[in-house]
Amino acid sequence: MRRNIIEADMKLLQPIILIIMLNAALQAQQRFTLSGKIIDADTREGIPYVNILVEDTYEGTASDSAGGFILNLLQGRHTLKCMSMGYEMARLTLDMRESKTAVVMLKPHAIEFSEEIIIYGQPLQRAEETYYLENKLNTTDDVLEKINGLSMIRRANFALEPSIRGLSAGQINVLVDDMKIFGACIDKMDPVTSYVEIDNLQKLDLAKGGFDMTYGQTIGGTLNLKTGRPEFNKPFSAGIESGYESVSDLRFLRGHSNWSKGQWAARGSFSVKSAGDYYAGHRQRWSNSGFDKTNYKIDVSKKWATQTLTMSYIGDVAEDIGYPALLMDTRRAEANIAGIEHAWNNPRANIRSVKTKIYYNTIDHRMDDYDRDVTARTFMPNMYMPMTGTTRTMGVLSEINFTGESQTLKIIGDVYAMKAFADMTMESLDPAASPMYVVNLADVRVQNYAIALDYHRRLKTDLFWRSSVRADFSRRTLHDRFGRRELEGYWNRSGLNRSYFIASASTAFDYQFSVQHRLRWSLARSIRLPSHQENYGFYFYNVSDGFVYTGNPELKPEISYQTEVTFESTNDRYALKANVFYNRIHNYIGGRIEEAPFKTYYNLSSAYIVGSEASVYWGFTPSFGLMTSANYKYSQIDALDEPIPYMPPLEVIASARWTKKNYWLELYGKIAAPQKRLAKISAAETVTDGFTIVNFRSGVKVRSFMELQCGVENIFDTLYHEHSSINRLPGRGRNIYVTLALKY
Ligand SMILES: [Cu+2]
């Protein structure tokens, strides 16, 4: 019975097969047109000058400046190979029996020294880093402190200072949209990360270690905060969000809007926050720890066929910020950050893009101890010490990307000039004593000129090589007479002005030994210049060790030799990443006691950090994912026979998340081991106990235009402090938060 059916079918098919064969014979020599477009799998934009090879016939072509191509192919099956530097090779097989159109997506591939951590707006590339960032967290600091290898230095319930693999301040670069910005507070109250509100944070480029020197020579790494840009395909959209946090009685209101018409697009956003005193675990209240902060941002873009011009401005004002870990509080901190960026894509064959950015920023900082009981303190009792600090930075950054068949070259020109001034008045409580005046930064001017080359080559289909070099010339002078005289008491007059020339180089090999597995080996000799504070600071009080620091214009740059091996394994369901790194630093800069309580910066022999980071993400089902990560570092400053200060202990993070159509839930836990290796000389550290923190977060889409988020952080109200907390200032206690977001 069954056989009969098959036979019947065959009978029916025979004429059809015959007709097709006949047709094929007639058209044997016929050619059909394949009109195709090659696009970037992430940005969906056309990729120019992609080499397209027809494997069996050795015919080929290249895509035009918009990614389009046309091939006239013989009838039959063909395999096309599409190759472009910076992308994974793609093969596709086509059966040409008629003229066709095809869209080929190429996945970007490069030896990335930096991990691109995408906050919103783009597809997920790296599950392990984007995991935490899919949910809207409340602050930029919330995002930063969850990233493996980043730790936060706490001085208040405000503006934590990032540290990359235990290195911070002058040892790392922190940028906003590639722009250099220098904090104005000599007590580091104003890290650059505080100027980017979570609403504006689109992604983070985090390069750990000194391998990536695109934006500066560094021994510790670069954290580049990228902000949201106007979108051209959104005529109008807007969102507004309001929230409350119980731990500090924080209220906030923020909103953003996008307009576009034709070749113009604009985006605006604002954020207003106000917080009272915060509570640590066990309901421990920290008085004088509130703040008020306002931030606004405006971007306007105009585009032409291949060019885009974007003007951006960020304004940020924070007032009355209490710093329980320090002697002072911020009275007012103001930042104005402006930039104009011109991007030209594919101006001609082999040039993929030319980008130029001109920027200027001003930071003004005022702090005092008027809210403190100065009679009770041991350091400089019975006097108030109001201080001011300002920086001005101007720069031009230019980047040209050349692309060949199997290589790319990026040339970067980076020029900036900055000036920094800081002073302090000592007002005695004794009305008979006249006030004293100290200049802490004597109008330091730094002019920096740099050129960097970044070369990328495909050695074999699965083996990539990247190499970077960068040279910086830096000139430093003092322009405040009073402040200059203070330093002349310590250093000879001719030595005060300084010029540095430094050059760094790095290289990396990336071997993709199967579709899912990749191994990378990187090596660098990277150098960092002393910061302007380390060169010229005068009477900087360091609350950690209780010493007053003076700069040293004769400092040599820190030189680092470092290497790292990274293993990555990914498939649809999981992503594993693990690395081991070693960083040896020569001329390590640290304080040396002159006579108590004075220290001067010197190059202290050498130091090293060795460590490892690992993370695993499992997406068990599309709606359930699990993420774990761990990191550990061991460090030592040889001259002091103690570790580098604020080095985090072993930390393990685990998080599970359920995402459904209308709601999501996340359970998050962090376990930190005790830190018993102590930097007693450089930071008077004491043992930090281990701790466990558990957070619960959730979001519900109430309506298509309305989302409610709520959660409890530090559920068990644990009283703890991180090892990187200045003066052992505790972390936040139990926090119940609610936010309501409306969008249009
Ligand atoms: Cu300050």
Selection status of Arg348, more than 16 Å from the ligand (Cβ to nearest atom), open to solvent by 30 Å² or more (accessible area, probe 1.4 Å) and not hydroxyl-bearing (Ser, Thr, Tyr): yes
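Considering only the range 541-562, state which residues are open to solvent by less than 40 Å² (accessible area, probe 1.4 Å) and in a strand (DSSP E or B).
First pass over the range 541-562, keeping only residues open to solvent by less than 40 Å² (accessible area, probe 1.4 Å): 543-553, 555, 557-560, 562.
Phe547, Val548, Tyr549, Thr550, Glu558, Ile559, Ser560, Gln562 - these are the residues of the range 541-562 that are open to solvent by less than 40 Å² (accessible area, probe 1.4 Å) and in a strand (DSSP E or B).
For the range 64-73, check the following and say yes or no: at least one residue is open to solvent by 20 Å² or more (accessible area, probe 1.4 Å), over 35 Å from the mean Cα position of the chain (by Cα) and modelled with pLDDT of 80 or more. Can you show your working first?
Applying the first criterion (open to solvent by 20 Å² or more (accessible area, probe 1.4 Å)) to the range 64-73 yields 64-66, 70, 72.
Now narrow it down to the ones that are over 35 Å from the mean Cα position of the chain (by Cα): 70, 72.
Subsequent filtering for residues that are modelled with pLDDT of 80 or more retains 70, 72.
Yes, the range 64-73 contains a residue that is open to solvent by 20 Å² or more (accessible area, probe 1.4 Å), over 35 Å from the mean Cα position of the chain (by Cα) and modelled with pLDDT of 80 or more.
Looking at the range 302-313, which of the residues that are out of contact with any Asp or Glu (no Cβ under 9 Å at 6 or more places or on another chain) and touching a residue at least 60 places away in the same chain (Cβ under 8 Å) is farthest from the ligand (Cβ to nearest atom)? Break it down stepwise before answering.
Looking only at the range 302-313, we keep the residues that are out of contact with any Asp or Glu (no Cβ under 9 Å at 6 or more places or on another chain), and these are 302-307.
Okay, now just the ones that are also touching a residue at least 60 places away in the same chain (Cβ under 8 Å), so 303, 306.
Working: Lys303: 41, Thr306: 45 Å.
Out of the qualifying residues, it is Thr306.
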Looking at the range 566-594, which of its residues are within 21 Å of the chain's Cα centre (by Cα) and of a type outside the set (Phe, Trp, Tyr)? Thr566, Glu568, Ala575, Leu576, Lys577, Ala578, Asn579, Val580, Asn583
Answer yes or no as to whether Val174 is away from the ligand (no atom under 16 Å from the Cβ), at negative phi and either part of a strand (DSSP E or B) or not assigned by TED's automatic domain parsing to the domain that holds Met647 (or both). yes
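Quick check: anything in the range 507-525 open to solvent by less than 70 Å² (accessible area, probe 1.4 Å), in contact with a strand residue (DSSP E or B) (Cβ under 6 Å, 6 or more places away or on another chain) and within 28 Å of Met394 (Cα to Cα)?
First, pick out the residues of the range 507-525 that are open to solvent by less than 70 Å² (accessible area, probe 1.4 Å): 507-508, 510, 512, 514, 517-518, 520, 522, 524.
Narrowing the set further to residues that are in contact with a strand residue (DSSP E or B) (Cβ under 6 Å, 6 or more places away or on another chain) leaves 507-508, 510, 512, 517-518, 520, 522, 524.
In the following step, the residues that additionally are within 28 Å of Met394 (Cα to Cα) were identified as none.
No, there is no match, as no residue in the range 507-525 is open to solvent by less than 70 Å² (accessible area, probe 1.4 Å), in contact with a strand residue (DSSP E or B) (Cβ under 6 Å, 6 or more places away or on another chain) and within 28 Å of Met394 (Cα to Cα).
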Residues of the range 693-722 being among the aromatic types (Phe, Trp, Tyr) and either part of a strand (DSSP E or B) or touching a Phe, Trp or Tyr at 6+ places or on another chain (Cβ under 8 Å) (or both), which ones? Phe696, Phe705, Tyr720
Residue under question is Leu478, and the condition is that it be farther than 23 Å from Leu523 by Cα, touching a residue at least 60 places away in the same chain (Cβ under 8 Å) and surrounded by 15 or more Cβ atoms within 10 Å (Cβ to Cβ); does it hold? no
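So which residues in the range 426-476 are of a type in the set (S, T, N, Q) and modelled with pLDDT of 95 or more, if there are any at all?
Just the residues of the range 426-476 that are of a type in the set (S, T, N, Q), to begin with: 428, 434, 440, 447-448, 461, 467-468, 474.
Scanning the range 426-476 gives Asn440, Gln447, Asn448, Ser474.
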With (1) part of a loop (DSSP other than H, G, I, E, B); (2) touching a Gly at 6+ places or on another chain (Cβ under 6 Å); (3) surrounded by fewer than 20 Cβ atoms within 10 Å (Cβ to Cβ) as the list, and Trp664 as the residue in question, which single condition is left unmet? (1)
If you go through the range 680-693 one residue at a time, do you hit one that is crowded, with 19+ Cβ neighbours inside 10 Å, closer than 21 Å to Met152 by Cα and touching a Lys or Arg at 6+ places or on another chain (Cβ under 7 Å)? yes
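Restricted to the range 181-212, and to residues that are among the basic types (Lys, Arg) and either part of a loop (DSSP other than H, G, I, E, B) or surrounded by fewer than 24 Cβ atoms within 10 Å (Cβ to Cβ) (or both), which residue is farthest from the ligand (Cβ to nearest atom)? Can you show your working first?
From the range 181-212, those among the basic types (Lys, Arg) are 188, 203, 208; that's our starting set.
After this cut, where a residue has to be either part of a loop (DSSP other than H, G, I, E, B) or surrounded by fewer than 24 Cβ atoms within 10 Å (Cβ to Cβ) (or both) as well, the list is 188, 203.
Values: Lys188: 8, Lys203: 29 Å.
Checking each candidate, the answer is Lys203.
Out of all the residues in the range 364-371, is one or more more than 16 Å from the ligand (Cβ to nearest atom), among the hydrophobic types (A, V, I, L, M, F, W, C) and surrounded by 19 or more Cβ atoms within 10 Å (Cβ to Cβ)? Quick ask: steps written out before the conclusion?
Step one: list which residues in the range 364-371 are more than 16 Å from the ligand (Cβ to nearest atom), which gives none.
Within the range 364-371 (the criterion being more than 16 Å from the ligand (Cβ to nearest atom), among the hydrophobic types (A, V, I, L, M, F, W, C) and surrounded by 19 or more Cβ atoms within 10 Å (Cβ to Cβ)), the answer is no, since none of the residues qualifies.
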What number goes with the only condition from (1) among the hydrophobic types (A, V, I, L, M, F, W, C); (2) at pLDDT below 95; (3) within 14 Å of the ligand (Cβ to nearest atom) that Met380 does not pass? (3)
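For the range 233-342, please list each of the strands (runs of 3 or more DSSP E) lying entirely inside it that holds at least 3 residues being open to solvent by 60 Å² or more (accessible area, probe 1.4 Å). Lay out the reasoning, then the answer.
Working: elements: 236-245, 250-261, 264-275, 278-280, 284-286, 291-303, 307-321.
Correct list: 236-245, 250-261, 264-275, 284-286, 291-303, 307-321.
Step by step: first the residues of the range 383-408, then only those that are within 16 Å of the ligand (Cβ to nearest atom) and of a type outside the set (A, V, I, L, M, F, W, C), then the one that is farthest from Thr425 (Cα to Cα). Which residue is that?
In the first step, residues of the range 383-408 are kept if they are within 16 Å of the ligand (Cβ to nearest atom); the result is 384-391.
Then keep just the ones that are of a type outside the set (A, V, I, L, M, F, W, C); that gives 384, 386, 388-391.
Working: Tyr384: 8, Pro386: 6, Thr388: 9, Gly389: 12, Thr390: 15, Thr391: 19 Å.
Looking at residues that are within 16 Å of the ligand (Cβ to nearest atom) and of a type outside the set (A, V, I, L, M, F, W, C), I get Thr391.
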Quick one: which strands (runs of 3 or more DSSP E) sit completely within the range 565-661 and have at least 2 residues that are of a type outside the set (Val, Ile, Thr) and open to solvent by 50 Å² or more (accessible area, probe 1.4 Å)? 574-586, 589-595, 598-603, 606-621, 624-637
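The values are calculated or read from the model by the stated rules, or taken from the named source; none is laboratory data. Owing to the predicted nature of the structure, the values given are computational and were not obtained by experimental measurement. Counting neighbours? That spans all protein chains shown, and the Cβs are built from the backbone with ideal geometry, glycine included. Ligands, DNA and RNA are stripped out before the accessible areas are found, and what is left, the full protein with its side chains, is counted by its heavy atoms. Shrake-Rupley method; radii C 1.70, N 1.55, O 1.52, S 1.80 Å.
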